[in-house]
1. For region 37-64, which positions are loosely packed, with under 10 Cβ neighbours inside 10 Å and assigned to a helix (DSSP H, G or I)?
2. Please list, ordered by first then second residue, the pairs with beta carbon atoms under 7 Å, 6 or more apart or interchain, first in region 38-63 and under 30 Å from residue 11 (Cβ atoms), second loosely packed, with under 15 Cβ neighbours inside 10 Å and of a type in the set (Asp, Glu).
Amino acid sequence: MTNLGGVQIPREYEKIKVSDVVFIPPASAGGILAIGASSITGKLNLVIPYREPAFKVETAMKYGDELEKILNEVLYEDKVIS
């Protein structure tokens with residue numbers, strides 16, 4: 001995992017408001033998984049780049065679902081998430 005961290009940029013550029021920042025690391029060669037993380041305005045964005053045929057869409061989706069499950073368990077271990 002590579003983490004850009006909390007992005008320190010202005011939230012507004014004239015009439016344009018920034019609500020998300022996405023960090024996309026290069027898709028890994030050889031089927032090794034890479035995950036990019038960044039945050040702005042209290043939101044965490046995770047990106048899982050992949051290359052077919054080394055990594056299938058379905059496999060990337062499974063990794064994403066599992067990562068979401070783990071993060072929810074860690075962040076909300078005492079709360080019920082609906």
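1. 57, 58 - these are the residues of region 37-64 that are loosely packed, with under 10 Cβ neighbours inside 10 Å and assigned to a helix (DSSP H, G or I).
2. These pairs meet every condition: 40/20; 43/20; 45/20.
Every number in this text was worked out from the coordinates using simple rules, so none of it is lab data. A quick note: this is a predicted structure, and the numbers were derived from the prediction, not measured. In this analysis, Cβ positions are derived from the backbone assuming ideal geometry, glycine residues included, and neighbour counts consider all displayed protein chains.
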